[in-house]
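The values are calculated or read from the model by the stated rules, or taken from the named source; none is laboratory data. Since we're looking at a predicted model, the values are computed, not measured. When we count neighbours, we look across all protein chains shown, and the Cβ atoms used for this are built from the backbone with ideal geometry, even at glycine.
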Amino acid sequence: MSKYFGSHQSSYAILDHMKGGLKTQGFTIVETLIVLAVTGGLFMLIAASLSGRQAKTQFQQSIQEVRSQIEQVINDVSVGYYPNLANFQCSASGIGPSISAGSTAQGENTGCIFLGKAIQFQINGTDPEQFRIYPVAGLQRDSSGAEVTTYAAAMPKVIAPSTGNPGVPDNASVKKLNYGLTTASLKYGSGAGTNVGSIAFVSSLASYSSGALVSGSQQINVVPITGSVLNASAAAGAQTINSNLAASPINPAGVKLCFANARLGQSGLITIGGNGRQLDVNLVIKGNTTCS
């Protein structure tokens, strides 16, 4: 019996020794630091991946918003809609529409017609970057009393303050580029293109034959504003539109707007018109900041 019990006692001693050994074992400081470093590295990789995906989603969203706003402008001009804040009145004068402060109901601005809308991109000094959408008014009749048929006769003006007439009430809609998006360039024409800062979408006005209106003669024209530049003030941009819209090219071979996100290294090329379809608005995402 004593041997038996002795044998058990020896076994218990061994187990106690093993338990004691297990209690004293664990991660060393070096091992703990390694685990923390690996875990932290994995966390950073996951966070960077999620951040990159979010940035790409935001870029897609912001560039799609710009495209939608351009399409909305075209649609507004097509149906003849313009915002009336009841803060201006328009009448005919020898130098074009005379726009001043007042309250005239829509459709009661005698001698003036709604021609369309103009968009000025990259307004100077705005952060986040802004662009402005201006309603454009024109004369309804020329000096002889006939319905105007050309922009030169209509003498178009935006309903917003300009350097030449700062007292005009501001009916522009102000939009912004979100998530770090900026306007990289705005060009029209084939090849390298010509740089501008504003474009207009305006009615082609009516055509007459032997005094009768030609059915279906009116359409919407895309007009890049010659002499306009990016990064101009709102007042300077409005003045350039007023001065140059009537003589600017009509429906050139495509208008191309490049919007970029420098941090993401991507850009979006929005093309308006071209290939005989001047109201098409197409978007292509590029893997650089130059839309090339």
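Considering the range 181-206, the residues that are in a loop (DSSP other than H, G, I, E, B) and not hydrophobic (A, V, I, L, M, F, W, C) include one that is modelled with the highest pLDDT, namely G197.
Can we say R132 is among the charged types (D, E, K, R) and buried (at least 17 other Cβ atoms within 10 Å of the Cβ)? For R132, the condition - among the charged types (D, E, K, R) and buried (at least 17 other Cβ atoms within 10 Å of the Cβ) - is met.
Only residues that are over 25 Å from the mean Cα position of the chain (by Cα) and of a type in the set (S, T, N, Q): list them for the range 141-174, please.
Listed by number, the residues that qualify are S143, S144, T149, T150, N165.
Apart from one condition, S103 fits all of (1) under 20 Å from Q69 (Cα atoms); (2) of a type outside the set (A, V, I, L, M); (3) assigned to a loop (DSSP other than H, G, I, E, B); (4) more than 20 Å from the chain's Cα centre (by Cα); the exception is (1). Among the residues that make up the range 85-104, is at least one of them within 30 Å of C291 (Cβ to Cβ) and hydrophobic (A, V, I, L, M, F, W, C)? No; the residues of the range 85-104 include none that is within 30 Å of C291 (Cβ to Cβ) and hydrophobic (A, V, I, L, M, F, W, C). Among the residues of this structure, S91 does not count as one that is at negative phi, at pLDDT 80 or above and part of a helix (DSSP H, G or I). Within the bounds of the range 11-30, is there any residue that is at pLDDT 80 or above and over 20 Å from Y134 (Cα atoms)? Yes, because at least one residue in the range 11-30 is at pLDDT 80 or above and over 20 Å from Y134 (Cα atoms). Scanning the range 114-156 for residues that are over 22 Å from F88 (Cα atoms), of a type in the set (G, A, S) and outside any helix (DSSP H, G or I) turns up G125, S143, S144, G145, A146. Count of the range 63-88 residues, restricted to those that are buried (at least 16 other Cβ atoms within 10 Å of the Cβ) and not in a helix (DSSP H, G or I), is 3. Considered as a group, the residues in the range 89-103 that are surrounded by 18 or more Cβ atoms within 10 Å (Cβ to Cβ) and aliphatic (A, V, I, L, M) include one that is farthest from G138 (Cα to Cα), and that residue is I99. Note on the range 182-205: residues that are closer than 21 Å to Q64 by Cβ and among the small types (G, A, S) amount to 2. Pairs linking a residue in the range 111-130 that is touching a residue at least 24 places away in the same chain (Cβ under 8 Å) to a residue that is in a loop (DSSP other than H, G, I, E, B) and charged (D, E, K, R), with Cβ atoms under 7 Å and 6 or more positions apart or on different chains, are Q122/E129.
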